[in-house]
Amino acid sequence: MRKTLCMIFLCGFAAWSLCACGETSGNTPEKVQVGVTYYNQTDTFLRELIDCYKNDLESRKTEDLEVTVMVREAAGSEKTQNEQVEELIDAGCNVLCVNLVDRADPSEIIDMARERDIPLIFFNREPVAEDMMQWDKTYYVGAVARQSGELQGEMAAEVIKEGKVDKNGDGKIQYVILEGEADHQDAIIRTESVVNTLKENGIALEKLSYQIANWNRAQAQNRMQQMIRQFHDEIELVLANNDDMAAGAIDAYDELNYTEESRPVFFGVDGTSVGLQAVRDGDFAGTVYNDKEGQASAMAELSVALGTGEGLEDIAFENDRYIYLPYLKVTGDNVEEFMDRQ
Ligand code: GAL
Ligand code: CA
């Protein structure tokens, strides 16, 4: 008898607790689990971009939406990155964000994602159009490379026209360029478009040297030292494809104890915290803002839309699956505005 009563009680309790659970789970939260891998943690801009992305995702969490993110860095190895994608898929990620080590070789990653039907957002390192056509669940978030070169060129033309750059007064600007990675869309196109823009603005140029420094401050310092040894005071303008390399160029002049007056004029791209500070201090004449907050927010919105299957129709794509954020000019006049965003 006691046993039966006990059973009845237990069953009753079980039934009640099931109902109770049913009530609260009326809206089970949706789960977005994002896996991110990026090419190298030594890259300043990407570290800052990924911090923004994590913060943005965090702010999208609600009672009805669980969001988690796992971030891996590939230390410049394509093989490592492919393994990371596999690991992130096995861990249950339902959206992938990939900053390719080799932007020309995404096939293995696309195959893995397609096999498990996990949407793929490439960012910052743009795959070529043919690869983006391999599968219709691939997206790209980035910025228009050509615009960054144009804006850098326009800012430089303005400073040159004020007469502050042509130190030897020969009517031409002796310049050097510090370039990012050899195959990177942003390096190739920035270099090309900054030079074209200067020419279109009627600036006579004399190229002294182009040096590749892979976005890296220490490498840029080293290359700049070599160029200073070769050209001494002849260099009037340093155009760097990013802020870290412009900062590395200044490191080289610092090390050689060049005075303010005998240094060239420096321009960067990105508006990283180091870059903005350099503009504020007057070390850079300007930089071009690579809108990490805008890119991070576009990536986060897209991640949630793809992970939940809702809201994709509200996103404005170009060519169906691309999102490009505009670049912006940063000079001493407006740098505070950008510092406030950080
Ligand atoms: C560029 C950025 C560089 C570097 C590179 C990495 O857009 O300007 O500083 O981060 O991306 O892909
Ligand atoms: Ca000159």
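The values are calculated or read from the model by the stated rules, or taken from the named source; none is laboratory data. Keep in mind that this is a model prediction, so the values were computed, not measured. Backbone-built Cβ (ideal geometry, glycine too); neighbour counts: all protein chains shown.
Please find, among Glu313, Glu293, Glu318, the residue that is over 26 Å from Arg190 (Cβ atoms) and either surrounded by 19 or more Cβ atoms within 10 Å (Cβ to Cβ) or modelled with pLDDT of 95 or more (or both).
On the way: Glu293 fails: over 26 Å from Arg190 (Cβ atoms); Glu318 fails: over 26 Å from Arg190 (Cβ atoms).
Just one listed residue meets the conditions, Glu313.
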### Query
Between a first residue in the stretch 316-342 that is without any contact (Cβ under 8 Å) to a residue 60 or more places away in the chain and a second residue that is assigned to a helix (DSSP H, G or I) and surrounded by fewer than 13 Cβ atoms within 10 Å (Cβ to Cβ), which pairs have beta carbons less than 9 Å apart while being 6 or more apart in sequence or on different chains?
Asn319/Ala129; Val330/Glu337
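Residues to consider are Val238, Val279, Val288; find the one that is buried (at least 23 other Cβ atoms within 10 Å of the Cβ), of a type in the set (Val, Ile, Thr) and within 18 Å of Ala143 (Cα to Cα).
Val288
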### Message
With of a type in the set (Gly, Ala, Ser), away from ligand 2 (no atom under 16 Å from the Cβ) and touching a strand residue (DSSP E or B) at 6+ places or on another chain (Cβ under 7 Å) as the only criterion, which of Gly271, Gly248 stands out?
### Response
Gly271
### Message
Checking the conditions here, which among Ala246, Ala240, Ala157 is of a type in the set (A, V, I, L, M, F, W, C) and over 29 Å from Arg103 (Cβ atoms)?
### Response
Ala157
### Task
Could you please let me know if Ser193 is in contact (Cβ under 8 Å) with a residue 60 or more places away in the chain, under 24 Å from Asn99 (Cβ atoms), within 16 Å of ligand 1 (Cβ to nearest atom) and not in a loop (DSSP other than H, G, I, E, B)?
no
### Message
Let me confirm something: among Ile177, Ile109, which residue is crowded, with 21+ Cβ neighbours inside 10 Å, under 22 Å from the mean Cα position of the chain (by Cα) and not in a strand (DSSP E or B)?
### Response
Ile109
### Task
Could you check how many residues of the stretch 142-187 are under 24 Å from Gln225 (Cβ atoms) and within 16 Å of ligand 1 (Cβ to nearest atom)?
9
### Task
Please work out which residue is farthest from Gln219 (Cα to Cα), limiting yourself to the stretch 141-174 and to residues that are in contact with a Leu (Cβ under 8 Å, 6 or more places away or on another chain), within 14 Å of ligand 2 (Cβ to nearest atom) and assigned to a helix (DSSP H, G or I).
Ile160
### Residue under evaluation Asn214, criteria (1) in contact with a helix residue (DSSP H, G or I) (Cβ under 6 Å, 6 or more places away or on another chain); (2) assigned to a loop (DSSP other than H, G, I, E, B), criterion not met
(1)
### Task
Inspect the stretch 78-95 for any residue being within 22 Å of Asp186 (Cα to Cα) and within 16 Å of ligand 1 (Cβ to nearest atom) and give the result as yes or no.
yes
